[in-house]
Amino acid sequence: MKMTGAKILIESLKKEGVEVIFGYPGGVVLPIFDSLYDAPIKFILVRHEQGAAHAADGYARATGKVGVCIATSGPGATNLVTGLATAYMDSVPMVAFTGQVKTFLIGNDAFQEADITGITRPITKHNFLVKDVKELARTIKEAFHIAKTGRPGPVLIDLPVDVQQAEAEFLYPEKVEIRGYNPTYAGHPGQIKRAAKAISESKRPIIYAGGGVITSEASEELKELAVKNDIPVTMTLLGLGAFPATHRLALGMLGMHGTAYANHAIMESELIIAVGSRFDDRVTGKLDEFAPHAKIIHIDIDPASVSKNVEVDIPIVGDAKDILAKLNKAVKKPDTKAWLGRIEEWKKKFPLKYKDDDAVRPQYVVEQIWEATKGEAIIATEVGQNQMWAAQFYKFTKPRTIISSGGMGTMGFGFPAAIGAQLGNPKAAVFDIAGDGSIQMNIQELATAVANKLPVKIAILNNCYLGMVRQWQELFYKKRYSYTCLAGACPDFVKLAESYGAVGIRVTKKDEVRPAIDKALATDNVVILDFQVEKEENVFPMVPAGEAINRMIGDLA
Amino acid sequence: MRHTISVLVENKFGVLARISGLFSARGFNITSLAVGETEDPSISRMTIVVEGDDRTLEQIKKQLNKLIDTIKVVDFKEGEFIDRELIILKVPATAKNKKEILEAIESIGARIANAGAKTISVELVGDQTKIKALLELMRPFGLLEVVRTGRVAMSTQDKGLKIEGKPEVNE
């Protein structure tokens with residue numbers, strides 16, 4: 001049957017099982033929006049295209065499905081850029097559609113024209129400009145395939161308006177064959193054997209788990225490897241939830257704001273089992289001093305991540321789930337008793353802590369959210385201190401429960417991402433742990449959340465500062481707080497919430513914290529919790545930039 | 001160390017931008033890059049000459065392989081490939097030195113591409129040694145313009161570059 005490009009798009013999305021699209025209309029996507037008008041796919045109208053990209057991202061992270069967003073050409077498309085870069089850095093499967101000016105106008109500086117495939121080339125896994133409607137269905141099939149396989153990532157499809165209007169026979173391909181794209185899934189048996197031997201013979205092993213464990217749905221296999229063999233587990237920000245934080249073998253997050261015991265453990269380990277993690281600079285600190293005694297096993301689906309930052313002894317390229325399952329069969333339990341004893345001492349000596357006085361401490365707020373939600377909530381975060389406190393004090397026990405911009409560190413990500421996560425998990429309690437700076441970067445999405453009855457709870461750790469930058473200024477720039485103080489023009493967040501039809505609760509005293517959280521949880525609406533926290537609280541421990549990660553500052557390490 | 005890499009890519013628009021963008025974004029230096037269609041018109045072949053230590057080269061190859069439009073990447077081993085480049089250069093010629101120029105051209109096996117009223121354009125196809133020798137030989141006459149294609153390279157082995165998916169990194 002012949003149909004228009006716009007209709008082919010909808011039919012293709014149905015074939016891909018897409019349940020929801022986040023987006024914003026505009027001139028050259030009118031044909032698509034006309035098809036959406038009576039399409040059986042949920043459409044979430046955001047208030048800024050950046051919100052659409054982050055919401056699609058949050059939806060994808062929380063559900064494991066491909067997030068889909070759509071924007072018009074020019075400014076609509078460029079507004080997606082930060083969202084695509086965020087998803088790319090954190091390997092999130094997304095497909096973004098952008099409108100484009102008519103094919104014969106491309107390159108003419110037409111109204112609302114931007115070379116979006118050119119702009120997004122380095123921040124997408126792949127992108128397409130479809131010039132012929134006959135190519136559309138196959139392109140969409142390929143885009144979804146590329147987005148969700150191998151190391152996932154965002155894919156953009158640019159659609160000129162005349163292609164949306166032109167007609168073609170709709171034939172959705174059953175299979176995809178891209179001769180230049182064949183991700184490796186099965187780990188090399190010889191390498192797995194070598195790794196198993198190294199683990200079996202190790203004295204001081206440590207598992208360093210990243211977001212790849214979650215992407216590959218390998219948490220159970222990881223848990224088996226750790227628990228059966230008594231191997232401690234530290235996680236990256238994106239790896240949190242891959243292994244329960246409440247388990248005796250869990251060391252929490254490592255790196256710049258990691259726990260002191262995780263950092264000491266990785267530095268003194270003699271075998272690092274890295275799974276789906278990429279030795280980011282926030283994790284390793286000073287590279288030439290990183291884990292000097294350790295042999296490294298690196299399991300990753302992306303060959304380019306192996307031996308990029310640190311030299312790896314046993315690389316295993318492939319799917320973490322498959323490789324861990326095979327490893328579990330081959331590993332003989334090493335004797336780690338003395339090693340675990342050593343780690344226990346560090347845990348006792350350097351616990352994560354904060355001053356538990358009468359003030360409203362941000363860490364206390366996060367702990368209370370954890371208690372109130374019994375650790376079952378999905379926690380999105382913004383970026384900065386709020387993000388690090390969430391990572392340190394919310395004990396994540398399940399995969400896909402922390403939604404945070406790790407690689408890109410995108411402020412303004414958390415709230416729209418929480419909207420996407422809530423949409424994918426209608427029954428879950430979804431929080432955005434925010435700062436007063438970050439939340440103002442995509443505050444307009446309050447309208448989206450309220451209009452679509454997505455009862456996200458926004459917990460603002462409001463210190464009237466761009467807290468993380470202020471912390472660096474305090475520690476490394478002689479307290480010269482250059483443009484990091486937001487006081488004086490801070491909005492009344494309660495009134496702001498109310499103006500959008502949401503609920504606002506202000507908290508100024510410690511004993512109000514828990515009742516406010518409970519009230520928010522009992523409210524079937526979007527709630528802003530404005531926690532007016534201690535203004536100059538710092539995130540500790542902290543490894544100064546460029547230092548070895550066992551050289552932490554703060555009296556807590 | 002200098003490496004010569006052959007990259008088979010989809011013959012589509014935008015592919016060159018993907019490759020060159022990758023080099024600039026990741027801080028890799030390209031010494032030369034030449035592109036052209038292959039025996040299969042749907043495939044282009046790029047010959048890229050790069051400088052870098054082993055680790056950088058490993059990253060370059062992996063990143064090239066990561067591109068969806070990249071079909072195959074081959075890093076040629078020393079002594080197992082031939083490489084050629086075309087150079088055209090223009091020197092001023094007068095009645096006085098014309099004979100000397102023509103003798104020089106002949107001595108090195110180059111050819112006259114164009115003889116103008118006041119200039120002679122010379123062409124030569126050869127390996128880097130030969131190209132360098134030509135440049136040295138012609139420099140004294142005054143180089144008005146030099147244009148080079150960049151190197152193209154091919155393996156000397158009897159089999160062609162097969163496309164059977166990308167090579168695995170695991171040995």
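The values are calculated or read from the model by the stated rules, or taken from the named source; none is laboratory data. Remember, predicted model here, so these are calculated numbers, not experimental data. Here the Cβ is made from the backbone with ideal geometry for all residues, glycine too, and neighbour counts use every protein chain on show.
For the structure I just gave you, tell me whether A:Thr98 is in a strand (DSSP E or B), β-branched (Val, Ile, Thr), over 22 Å from the mean Cα position of the chain (by Cα) and in the same structural domain as A:Lys148 (by TED's automatic domain parsing). Show your work before the answer.
Numbers: in a strand (DSSP E or B): yes; β-branched (Val, Ile, Thr): yes; over 22 Å from the mean Cα position of the chain (by Cα): yes; in the same structural domain as A:Lys148 (by TED's automatic domain parsing): yes.
Yes; evaluated as a whole, the condition is true for this residue.
Applying the set (1) within 25 Å of the chain's Cα centre (by Cα); (2) surrounded by fewer than 24 Cβ atoms within 10 Å (Cβ to Cβ); (3) not in a loop (DSSP other than H, G, I, E, B) to A:Gln191 leaves exactly one unmet item: (1). Quick check: anything in segment A:380-394 part of a loop (DSSP other than H, G, I, E, B), among the polar types (S, T, N, Q), in contact with a helix residue (DSSP H, G or I) (Cβ under 9 Å, 6 or more places away or on another chain) and more than 21 Å from A:Asp518 (Cβ to Cβ)? Within segment A:380-394 (the criterion being part of a loop (DSSP other than H, G, I, E, B), among the polar types (S, T, N, Q), in contact with a helix residue (DSSP H, G or I) (Cβ under 9 Å, 6 or more places away or on another chain) and more than 21 Å from A:Asp518 (Cβ to Cβ)), the answer is no, since none of the residues qualifies.
Kindly provide the set of residues from segment A:131-143 that are in contact (Cβ under 8 Å) with a residue 40 or more places away in the chain and within 13 Å of another protein chain (Cβ to nearest Cβ), ordered by number.
As a first pass, look at segment A:131-143 and keep what is in contact (Cβ under 8 Å) with a residue 40 or more places away in the chain: A:133, A:136-137, A:140-141, A:143.
A:Ala143, the sole residue that qualifies.
Tell me, which residue of segment A:427-440 that is touching a residue at least 12 places away in the same chain (Cβ under 8 Å) and surrounded by fewer than 24 Cβ atoms within 10 Å (Cβ to Cβ) is farthest from A:Asn386 (Cα to Cα)?
At the first step, the residues of segment A:427-440 found to be touching a residue at least 12 places away in the same chain (Cβ under 8 Å) are A:428-440.
From what's left, surrounded by fewer than 24 Cβ atoms within 10 Å (Cβ to Cβ): A:428-429, A:440.
Details: A:Ala428: 21, A:Ala429: 18, A:Gln440: 14 Å.
Among those that are touching a residue at least 12 places away in the same chain (Cβ under 8 Å) and surrounded by fewer than 24 Cβ atoms within 10 Å (Cβ to Cβ), it is A:Ala428.
Is there a residue in segment B:70-90 that is in a loop (DSSP other than H, G, I, E, B) and within 14 Å of chain A (Cβ to nearest Cβ)?
The answer is no, given that none of the residues of segment B:70-90 is in a loop (DSSP other than H, G, I, E, B) and within 14 Å of chain A (Cβ to nearest Cβ).
Would you tally the residues in segment B:59-69 being charged (D, E, K, R) and more than 7 Å from chain A (Cβ to nearest Cβ)? Give the derivation first.
Keep residues of segment B:59-69 that are charged (D, E, K, R), which gives B:61-62, B:66, B:69.
Next, from what is left, pick out any that are more than 7 Å from chain A (Cβ to nearest Cβ): B:61.
Looking only at that region, the number is 1.
Hey, among A:Ile231, A:Ile272, A:Ile266, which residue is within 21 Å of A:Lys197 (Cα to Cα) and assigned to a loop (DSSP other than H, G, I, E, B)? Steps first, please.
Working: A:Ile272 fails: assigned to a loop (DSSP other than H, G, I, E, B); A:Ile266 fails: assigned to a loop (DSSP other than H, G, I, E, B).
After ruling out the rest, the residue left standing is A:Ile231.
In the set (1) more than 21 Å from A:Glu534 (Cβ to Cβ); (2) part of a helix (DSSP H, G or I); (3) over 27 Å from the mean Cα position of the chain (by Cα), A:Asp518 fails one condition alone, (3).
Residue-wise test of (1) surrounded by 23 or more Cβ atoms within 10 Å (Cβ to Cβ); (2) over 28 Å from B:Gln63 (Cβ atoms); (3) over 30 Å from the mean Cα position of the chain (by Cα).
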| position | (1), (2), (3) |
| --- | --- |
| A:Ile178 | no, no, no |
| A:Glu201 | no, yes, yes |
| A:Ala218 | yes, no, no |
| A:Lys223 | no, yes, no |
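Criterion applied to B:Ser20, B:Ser44, B:Ser24 was being crowded, with 17+ Cβ neighbours inside 10 Å, hydroxyl-bearing (Ser, Thr, Tyr) and either closer than 22 Å to B:Lys132 by Cβ or not assigned by TED's automatic domain parsing to the domain that holds B:Phe141 (or both), and the one residue passing it is B:Ser44.
Which residues, taken from segment B:1-58, are within 11 Å of another protein chain (Cβ to nearest Cβ), part of a strand (DSSP E or B) and in contact with a helix residue (DSSP H, G or I) (Cβ under 7 Å, 6 or more places away or on another chain)? The answer is B:Val7, B:Val9. When B:Leu124 is tested against (1) surrounded by 16 or more Cβ atoms within 10 Å (Cβ to Cβ); (2) under 30 Å from B:Phe13 (Cα atoms), exactly one condition is not met: (2).
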